[in-house]
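Where a number appears in this text, it was derived from the coordinates with a stated rule and is not lab data. Please read these numbers as outputs of a predicted model, since none were measured by experiment. Neighbour counts are summed over all protein chains in view; Cβ atoms, including those assigned to glycine, are modelled from backbone coordinates with ideal geometry.
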């Protein structure tokens, strides 16, 4: 609105559908009057901007299905700062965090860093850990993030795994590389299919074999390098954990190399500047390169 009043171009940084997120959180009922109301409002908001920059393939598809003119959509995927998320530089910090959390030497660690919520798959993760840990006495889970860490810690206690599923709470961004360096593999059990999944970029930059739900967004990010399971499938998640632990150093290095080639933040700066310049000059910006989704046979 301010852009229109000032007669200036507007760029919309589109992270996903607000209506879909409210459905994921249970704020509104599917097929109800409020859903129809918010979808109508959302479609109008999407059309105010001169250019819309979605965070990934799922967001773009949602915009196209809602009827937005594809020529106004600028594909600039999320990215990561490789200088900050450096596994070698963070290794000492990772060892220190293991010691602080009471994880014994030689243990294998599954790490999660992100929001804690049902649509993020947090309860699913705890239930899977309850099945996995009795068969793997050397494995620990670090489930870092907020809100509701106390609620999910209680869930883990009820499942009898509180001693091996650790909830350190909110992690500052500058401490994220060290926290991730404490893990051997990482997990992203997010259930939402319309949002991006930024945590996976950080996992890959840290050379962590990644277990994730099989969604278009995750396939596009991982490019065949991930260990995927169907949303809600605990048995599939457990099998993916075993496969991820089996990855060697070459597979780990491929994850970081994919980030360097496709999702390095230094490339995204130029892509965004091209969008801004095109609107200022009244020309159409060139498409930024986005990795194509991998085939359904991705691990």
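What do you get for the angle between helix 33-48 and the principal long axis of the chain? Use alpha-carbon atoms, 0 to 90 degrees, nearest ten.
60
Run the paramagnetic zone check for residue 281: 7 angstrom along Cα to Cβ, then residues of region 30-66 with backbone nitrogen under 19 Å.
50-52
Using a Förster distance of 45 angstrom, determine the FRET efficiency expected from the C-beta separation of residue 100 and residue 239, and round it to 0.05. Walk me through the numbers on the way to the answer.
Details: r = 31 Å, r/R0 = 0.69.
Approximately 0.90, to the nearest 0.05.
So if the hydrodynamic radius of the chain is defined as the Kirkwood radius over C-alpha pairs, what does Stokes-Einstein give as its diffusion coefficient at 10 °C and 1.306 mPa s, in µm² per second?
78
Take every Cα-Cα pair in region 94-180 and report what % of them are more than 22 Å apart.
Percentage above 22 Å: 20.
Angle between the Cα long axis of helix 87-100 and the longest principal axis of the chain, 0 to 90 degrees, nearest 10?
The helix 87-100 is inclined about 50 degrees to the chain.
At 0.36 nm per residue, and after removing the present C-alpha to C-alpha distance, how many nm does the segment from residue 154 to residue 86 gain when stretched out fully?
21.2 nm
Can you give the Kirkwood hydrodynamic radius of region 46-141 from its Cα pairs, in Å with one decimal?
Evaluated on region 46-141, it is 17.5 Å.
Place the peptides 211-221, 252-262 in order of packing, highest mean first, counting for every residue the other Cβ atoms within 10 Å and averaging per peptide.
So the peptides 211-221, 252-262, ranked by packing, come out 211-221, 252-262.
Please report the base-10 log of the normalised intensity I(q)/I(0) for region 159-273, using a Debye sum with one equal scatterer per alpha carbon and no solvent, at each q in 0.11 (1/Å).
So the normalised log intensities work out to -0.38.
Would you give the gap between the C-alpha center of region 57-108 and the C-alpha center of region 161-226, rounded to a whole Å?
The distance from the Cα centre of region 57-108 to that of region 161-226 comes to 7 Å.
Under the rule of -39500 (n - 2.57) per DSSP H run of 4 or more residues, summed and divided by the residues of the chain, what mean residue ellipticity at 222 nm is obtained, to the nearest 500 deg cm²/dmol?
On the way: 13 runs with 136 residues, N = 299.
Taken over the chain, the calculation gives -13500 deg cm²/dmol.
Within region 224-240, what residues put their amide N at less than 19 Å from the label point 7 Å along the Cα-to-Cβ vector of residue 115?
Zone members listed by number: 231-232.
With springs only between Cα atoms under 10 Å apart, run a GNM on the chain and tell me which of 196, 249, 17 wobbles the most.
Top of the fluctuation ranking is 249.
Principal axis lengths of region 87-259 from Cα atoms, whole Å, largest first?
Cα spread of region 87-259 along its principal axes, largest to smallest: 38, 35, 31 Å.
Sort 186-192, 200-206 for me by packing, meaning the mean count of neighbouring Cβ atoms within 10 Å per residue, highest on top.
200-206, 186-192
Put a dot 7 Å past each Cα toward the Cβ at residue 251 and residue 61; how far apart are the dots in nm?
So the two model labels end up 2.5 nm from each other.
Given the Cα atoms of region 1-97, and with Rh set as the inverse mean 1/r over their pairs in the Kirkwood sense, what is Rg to Rh to two decimals?
Values: Rg = 18.4 Å, Rh = 16.0 Å.
Rounded to two decimals, Rg/Rh equals 1.15.
Normalised by the residues of the chain, what does the relative contact order come to in percent, with Cα pairs under 8 Å and at least six apart?
So the answer I get is 20 percent.
Normalised by the residues of region 138-296, what does the relative contact order come to in percent, with Cα pairs under 8 Å and at least six apart? Intermediate values should be presented prior to the final figure.
On the way: 193 pairs, mean separation 28.7, N = 159.
18 percent.
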